[in-house]
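Colleague: The structure that follows is given in the form of structure tokens.
The values are calculated or read from the model by the stated rules, or taken from the named source; none is laboratory data. Predicted model only: the values in this text are computed from it and were never measured. A quick note on method: Cβ atoms are made from the backbone with ideal geometry, for glycine too, and the neighbour counts reach across all protein chains shown.
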Amino acid sequence: MNTEQIKNFLATAEVLNFHKASSNMFIAQPALSRQIMNLEHEIGAQLFDRTNKQVKLTAAGLFFKNEMSRLLAQLEQAKNRVGQIHRGEAGEISMGHVSSAMQCALPPFLKIIKHRYPKLKITMKESSCTEIVNKILNRDLAFGLIPNVTAPSELEEVTLYRENFVVVMPKDLKISTKKSERIKALAKADWILPALEDSQGYNEILYRLFHKNGFSPRVVFESPNASTNLRLVSEGLGVTIIGKSAIKNVKLNIKHFEITEAAPKVEMRFVWLKERKEELKAYIDLFLEIFRKVKFD
């Protein structure tokens, strides 16, 4: 039994006329009759009740028609789904991200995905940079969105955007207004930063910036979560430094200044495991195509 036999049987069962069915399926009537007889022989049941005047489905033929119609529909759906998965338009994929990525990169990306590829499910997992990297290495995550992390050689990365750092403070904190003195003026402030072990590479950039301004920060709270750090600043518990996009549309009791003078940038990177590149190629190509259409500002 093959799909051609089944389709020819269904075509005959639909019109109950061998001549018409053979014409519809572009097959000679004797060949169609032989196919049906072979099919009946194979399944051990008569499918059609044939007389000189009419052709009817037997009870077995009616059951077979209903079941084969359902199975062929499922087969067609499976074929379509396989094609979508192959092109990265369907299936389920997991992506880790730092909290700041949700302020800029991810919402427009996910909106496009949902609109264009509703059958593609992306599982988002917010975490620290170190945990995201480890989960990718362990194949628990397919992709990651992480900033400025010194990624191990097993990972491949593409920088999606660069932006300035901003120093965020409680609104009532008063400091020097001179650009060259603003960071130095916070030398004795309480700082809220990601833990060193959570953001290696990212924190190294921050500490080089602090040392360039002549001090080592007194860290009173550590969290990899941007929204947590901003909330702590809003409560007057310290100051923080973060990518500019992380404060976008944030309504808290905070103020900030942007570090624009010859300073390092936040670089949001899209990363994956090199040895999975061929396996994930359709998703990599699709996601990068969409990310390139997103305006990161």
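Colleague: Would it be correct to say that Ser223 is surrounded by 15 or more Cβ atoms within 10 Å (Cβ to Cβ) and under 29 Å from Phe143 (Cβ atoms)? Break it down stepwise before answering.
Modeller: Details: surrounded by 15 or more Cβ atoms within 10 Å (Cβ to Cβ): yes; under 29 Å from Phe143 (Cβ atoms): yes.
Criteria met by Ser223.
Colleague: Of Ala195, Ala263, which residue is surrounded by fewer than 19 Cβ atoms within 10 Å (Cβ to Cβ), hydrophobic (A, V, I, L, M, F, W, C) and out of contact with any helix residue (DSSP H, G or I) (no Cβ under 7 Å at 6 or more places or on another chain)? It would help to see each step written out before you state the result.
Modeller: Working: Ala263 fails: out of contact with any helix residue (DSSP H, G or I) (no Cβ under 7 Å at 6 or more places or on another chain).
Going through Ala195, Ala263 in turn, the sole match is Ala195.
Colleague: Regarding Lys114, is this residue at pLDDT below 90 and assigned to a helix (DSSP H, G or I)? Write out each step before concluding.
Modeller: On the way: at pLDDT below 90: yes; assigned to a helix (DSSP H, G or I): yes.
When the stated conditions are applied, Lys114 passes them.
Colleague: From (1) of a type in the set (Gly, Ala, Ser); (2) modelled with pLDDT of 90 or more; (3) part of a helix (DSSP H, G or I), pick out the condition that doesn't hold for Ser245.
Modeller: Result: Ser245 fails condition (2) only.
Colleague: Name the single residue that is farthest from Phe64 (Cα to Cα) among those in the stretch 16-40 being among the charged types (D, E, K, R) and either at pLDDT below 85 or surrounded by 14 or more Cβ atoms within 10 Å (Cβ to Cβ) (or both).
Modeller: Lys20
Colleague: So which strands (runs of 3 or more DSSP E) are wholly in the stretch 142-203 and hold at least 3 residues that are within 27 Å of the chain's Cα centre (by Cα)? Can you show your working first?
Modeller: On the way: elements: 143-147, 155-170, 190-193.
Qualifying strands (runs of 3 or more DSSP E): 143-147, 155-170.
Colleague: Can we say Phe210 is under 24 Å from Asp172 (Cβ atoms), surrounded by fewer than 17 Cβ atoms within 10 Å (Cβ to Cβ) and of a type in the set (A, V, I, L, M, F, W, C)?
Modeller: Here the answer is no, as Phe210 does not meet what is asked.
Colleague: If you check Val239 against the conditions, is it of a type in the set (Val, Ile, Thr) and surrounded by 16 or more Cβ atoms within 10 Å (Cβ to Cβ)?
Modeller: Here the answer is yes, as Val239 does meet what is asked.
Colleague: Can you go through Arg182, Arg218 and tell me which one is modelled with pLDDT under 90 and out of contact with any helix residue (DSSP H, G or I) (no Cβ under 8 Å at 6 or more places or on another chain)?
Modeller: Step by step, each of Arg182, Arg218 is checked, and only Arg182 is modelled with pLDDT under 90 and out of contact with any helix residue (DSSP H, G or I) (no Cβ under 8 Å at 6 or more places or on another chain).
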